[in-house]
Every structure is written in structure tokens, then in C-alpha cells.
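Heads up, the thing below is written out as C-alpha cells.
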Amino acid sequence: MTALAPPSTRPDRASVEDWQAGGFALYVHWPFCTSKCPYCDFNSHVAAAIDQSAWLAAFRGEIRRAAAETPGRVLRSIFFGGGTPSLMDPDVVAGVIEEAALAWRFANDIEITLEANPGSVEQGRFRAYAGAGVNRLSMGVQALNDEDLRRLGRLHSVADAQAAFDIARAQFSRVSFDLIYGRQHQSRAAWRQELRQALGMAVDHLSLYQLTIEDGTAFGARAAAGKLAGLPCDDLAADMYLDTQEICAAAGLPAYEISNHAAPEAESRHNLVYWRQGDWVGIGPGAHGRLTLHGGMRHATEAIRAPSAWLAAALQGSGEMPRHAIPLNEQAIEYLLMSLRLSEGMDMSRHAALAGKALDQGALADLAGMGLIVVEGERLRVTPAGRPVLNAILRALA
């Protein structure tokens, strides 16, 4: 049984059913990659050999353990993230989906997403994933420029990405891909052209992230040493963000979240569980989760980070580290931080139930007067003008 840290607050009726507003999902972390990208701060590792049958057994055991704590729930989404999940044997993916189906009832429209890199896939593997039950693919394209792909440490070319994307479209009705902008020596005109090229390829969803330099990455070390030239200034980065919103909206893929754009009804259902503060089981090395259990207490879960240590522990009964209970005021802050990333905004009555008080009316009036937020009944939304300064809005309201 997983050890529980002493709760820092008593369970409260406010959180007993709160997770249902966001739904219930399963996240599966596959920590292995062919190589480590210099900008990546995810829990990813390069391994010469992987016993995939052992990993399947560990994943199955973790699902069974979580299911015993969450009986009767309806699973809205499964997401295979990483790392590079397209390095998983299709039989492992099929086995995880099979175990999840034994553990919980699937929603009629369950979304099952697998992340893939263009350099690690081929047509037979895509077909096998589809046969296993995957119905949505998310591809890490990152750039449509070979020189920039090289700078980003990617092993594929633009031609590889386009070929893999065409194969994916033949197997899956829902295909998303990621691009990074604000790259070294990237001009505003070049990004606008690349974005239009991406929209010409897109099916129904794009994730568009501004390059961030994280501590602990190769890029972070280079930047600290003054060896990462050509990054955009703040004004150029802001212009690129605004261009992204304008061009995507005109193409029928408006932003439904700060960095994610989709056609109507094509939003990532899995990520909406996070942003709407639902519950999710997180399994695999370093995976995080949120579970409302034990009479309404919401817990943060985290798995052991090192792959070998997680595998050994999971095969022995649990790969999870000690949990901690999340006090209601922290749940309220989480809901504020996550929900205001969405174009749909937040339910202020839901926030008040968690926080024990309403949002400051003076702060709301000031932000609305500046055109940064809109309040309609109990719904609070950040305006397009407010999105570039979302952090300042959050500080004013938290």
C-alpha cells in the first residue's frame, strides 16, 4: 500500500466531487528516447536495451493498484507521453490499454493519444498502434527547417516529418503536431511563413510553444555561458505570439489554451482534464497524478523518477513515492492557475467553494477596466489582450 503523508487539512465537502468537473484520465510515461534534445527538461533517458515485457508487467501492476482505489470511474482519456512512446512495442501499448479497460469503464468517446517522433516511426508501427486502440497521434515535429532541427538536436529532417505525418493521417483521424518558435536566429517573417506551412499540413490540432531555456538542460548551460546566440528579444517574442494567434484563428484553429490551437471539438481531451482540474492516474518514472480519495481528500502523487528504480519498485508492488494531501486553498490556487490558461476560463463559484471566499472584487474590477479579463455571471475569462500578461493577472488574483 502507498504511504500517505500526514494530511495538512481535513477533507472538505468542497473537494469531494470537484474532480468530476474535469473528468478522469490515465497518463503513462515512457522515459526512453533515441537521444536527448538540448532544450528538453522532461524525464527522458537514452538506453541501449529495454526489457519491454518487464515494463508492460509493471504498467499493468500500477493500473491494477490505482483501479483498486478508484472503482466505478469512467475513463475519459489515456495519454502515452515521454520520452518517445513511439519506441514502445505495439504489444506493450495494447497491453496497457487492455489493462485499463479491465480497470475502468471507458467513455464512449475515449481519447487514446500516443506521442511520436518522426524519426522513430514507420507505417507498420503506426498501423499496429491504431490496431491496439490508439485513436490520436501527437507528433514532435518542432520545426519545418532542417537547420533549426539540427540546432534543436532533432534526428529527423523536414522530409522525414512530412512523410511520417502523411503516414499518420492514413491511420488516424486525429493527428496533432508540435512546433517550437522563438528559435535561434528566427525572424518574424520566417515564423509566419513556417506557421502557414504547418497549417497547410494540420488536421485539427497544433501545439505551438515558444522556446524556453530551462535550468538543467544543455541549452540552459550554453545560455549561462553566453553561447546561445540569436534568441529573440522580448518584443520580437511577443510579436511572434500575437502573429500565432492571428494566423491560427484565421485558419480555423483558434487558441483554446495559451499554446494549443484546435478546430471546434478537436481539443485535446486529455489535457483538458488537467486544465479543468480533474483527476488523473500517473504511472511510469516521474509521472505525476491527482487523485481525490478517502472521503474527499485530494492527493498529489508522484512516481519514482529513475527508470530502473521505478521498474524494480513497480514490479514489487508500487512505483509511487509517498503522497501528500492538497489543502483546499492550494486546490483553489491550482484551479486558478490552470483554468485561466483556457479560453473558456474558470467557474468563479467553483473556485470560491475551494478557496472559502470569492475573488477580490477590486482586483476583478481593475483587470476588467484594463480590458484584460471579462466576467460574465460566474464565468471569468482572460481576453486576447490579457493572454500575453497572464502571469501578472494571476498574481493580481491569487
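Structure notes:
- Test: residue in region 159-166 that is within 20 Å of the chain's Cα centre (by Cα) and within 23 Å of T84 (Cβ to Cβ): no
- Filter result for A170 (within 30 Å of W55 (Cα to Cα) and part of a helix (DSSP H, G or I)): yes
- Residue pairs whose Cβ atoms lie under 8 Å apart, sitting 6 or more positions apart in sequence or on different chains, and linking a residue in region 221-234 that is closer than 12 Å to R151 by Cα to a partner that is of a type outside the set (D, E) and open to solvent by 70 Å² or more (accessible area, probe 1.4 Å), are L228/R222; A229/H185; G230/H185.
- Any pair with Cβ under 6 angstrom, 6 or more apart, that starts in region 124-135 at a residue that is closer than 21 Å to A101 by Cβ and ends at one that is open to solvent by 50 Å² or more (accessible area, probe 1.4 Å): R127/Q171; A130/Q171
- Filtered by the rule that a residue be in contact with a Gly (Cβ under 8 Å, 6 or more places away or on another chain), open to solvent by less than 50 Å² (accessible area, probe 1.4 Å) and modelled with pLDDT under 85, region 211-252 gives a lone residue, A218.
- Qualifying residue in region 122-133 (condition: modelled with pLDDT of 95 or more and at positive phi): yes
- Residue in region 349-367 that is of a type in the set (D, E), open to solvent by 70 Å² or more (accessible area, probe 1.4 Å) and more than 16 Å from Q277 (Cα to Cα) present: yes
- Residues of region 253-277 satisfying the condition of being open to solvent by 20 Å² or more (accessible area, probe 1.4 Å) and in contact with a Lys or Arg (Cβ under 8 Å, 6 or more places away or on another chain): A255, I258, R269, W275
- Criterion (modelled with pLDDT of 95 or more, within 26 Å of L354 (Cα to Cα) and hydrophobic (A, V, I, L, M, F, W, C)) met by exactly one of A300, A262, A313, A255: A300
- The set of residues from region 319-337 being open to solvent by 30 Å² or more (accessible area, probe 1.4 Å) and either outside any helix (DSSP H, G or I) or closer than 26 Å to A58 by Cβ (or both) comprises E320, M321, P322, H324.
The values are calculated or read from the model by the stated rules, or taken from the named source; none is laboratory data. Bear in mind that the values here come from a model prediction, so they are computed numbers and not experimental data. Note that each Cβ is placed from the backbone with ideal geometry, even for glycine, and that neighbours are counted across all protein chains shown. All accessible areas refer to the heavy atoms of the entire protein, side chains included, with ligands and DNA or RNA removed. Shrake-Rupley method; radii C 1.70, N 1.55, O 1.52, S 1.80 Å.
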